[in-house]
1. Just subtract the alpha-carbon distance of Asp236 and His281 from 0.36 nm times their residue separation and send over the number in nm, one decimal.
2. Which ³J(HN,Hα) values, rounded to whole Hz and listed in residue order, are derived for the stretch 77-82 from phi using the Karplus coefficients 6.51, -1.76 and 1.60 in 6.51 cos²θ - 1.76 cosθ + 1.60 with θ = phi - 60°, glycine and proline given as x?
3. With the cut-off at 1.5 for a/c, could you classify the stretch 232-306 from its C-alpha gyration tensor as rounded, prolate or oblate?
4. If packing is taken as the average count of other Cβ atoms within 10 Å, what order do 336-345, 122-131, 361-370 fall into, highest mean first?
5. For Phe199, enumerate residues with amide H under 5 Å from its amide H, sequence gap 5+ or separate chain, H modeled in the peptide plane.
6. Just order 187-194, 101-108, 4-11 by mean Cβ neighbour count inside 10 Å, highest at the front, would you?
7. Taking only C-alpha pairs under 8 Å that are 6+ residues apart, what is the relative contact order of the stretch 1-74 in percent?
8. Which of the residue pairs Lys191/Lys366; Lys172/Lys268; Lys3/Lys116; Lys92/Lys124; Lys149/Lys359 have a Cα-Cα distance greater than 24 Å in the structure shown?
Amino acid sequence: MRKYELIAPCHFGVESVLKKEITDLGYDVLSVEDGRITFYGDEEAIARANIGLRTAERILIQVGSFEATTYDELFEGTKALPWEDFIQKDGKFWVAKAASVKSKLFSPSDIQSIMKKSIVERLKEKYHVQWFDETGESYPIRVFIMKDKVTVGLDTSGDSLHKRGYRKLTAKAPIAENLAASLIMLTPWNKSRILVDPFCGSGTFPIEAAMMAANMAPGMNRNFTAMQWDHIVENDLWKDCMLEAREEIDHTAEPDIQGYDIDEYMVKISRENAKLAGVDHMIHFQQRSLDQLSHPKKYGFIITNPPYGERLEEQENLPTLYRTLGERYSQLDAWSLFMITSYEKAEEMIGRKADKNRKIYNGMLKTYFYQFLGPRPPKRNG
Ligand code: SAH
């Protein structure tokens, strides 16, 4: 087994939950930066992190890092890295993504082509060949340059980890699965508490919560790029880790999770997605508009992503919609409300200031995660 530095990017603002997930998996966190966590792990960690982390965007092996303010330095720094440890002679390799912040080098296409040339030079010397056919496995490379420090990673995931494989059909503005999971994990919700999403769309919040309740790993039903790298992570190791994840599912979990949407078609999609995820028996989906929201029990959670006016005609309805949400919420007994929105008058219309609020970047869109906290249920005797 070899020790790697593994990099897990995530949404800006949810680093704390990813850090906890990594620690819970049993790995040591090396650093926490904005939108990115670095931790130590071996080959097994690569498989277990890809299969098990709910809030990461992907898992990269850090190939190396160095300073560069000129393209010559970028070329030399890249060439000095041990590419032959990873990329096989017939491998297909390319810089899939280059990002640069506060650095001299900033043109993604130049960074990409120079690094590619540099890796080719390195591998020519190591493999003693002049030409690479690149007919073998894929090795997508990602690079970020922060204040002239270049960090180079090899992407072990391929498709972003938010793609669990269950969301074949989506709403107009679906929330990314890993962001939904992160937000749920930022709340005190647990499987013994009621969860309602009154704007469920394609069902992302209820489905992610149900998967958590049943301890169902998010990556059990998909593939990862590193599954093709038998020389780094053996095939049997992947099989063992997938099996481990299956064995850990709690088939007896009976959480109380409900998803509602005014749109009948969205309810149908939610049901189909939940079925694909294998959690349809744990969620009650129903067509229902917000003004019918009520619940007889105490101490529930609303976790939701209300419309925030992506389209002009929706914007007119926002004040009424959020006012209704505030009214319906105030009728519930001892509930908590958590919502992510970019609508700047959310609190004003709801009629109450949030107890907490956290800035979250949903892609390029700045949103807030408002948290209205209800009381805790009394501790049960015994
Ligand atoms: N989080 C969801 C997306 C929610 S989009 C996902 O990941 O797919 C907002 C949803 O609110 C839409 O599906 C829309 O149909 C629904 N909606 C709009 N007005 C509503 C109302 N008054 N009552 C209930 N649902 C409503």
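The values are calculated or read from the model by the stated rules, or taken from the named source; none is laboratory data. Remember, it's a predicted structure, so these values are computed and weren't measured experimentally. Cβ sites come from the backbone with ideal geometry, for glycine too, and all protein chains shown count toward neighbours. Side chains included, ligands, DNA and RNA excluded: accessible areas come from the protein's heavy atoms. Shrake-Rupley method; radii C 1.70, N 1.55, O 1.52, S 1.80 Å.
1. 13.0 nm
2. x, 5, 5, 6, 7, x
3. Prolate.
4. Answer by packing, highest mean first, reads 336-345, 361-370, 122-131.
5. Amide H neighbours of Phe199, under 5 Å, 5+ apart: Tyr260, Asn305.
6. Descending packing order for the listed peptides: 4-11, 187-194, 101-108.
7. 39 percent.
8. Result: Lys191/Lys366; Lys3/Lys116; Lys149/Lys359 exceed 24 Å.
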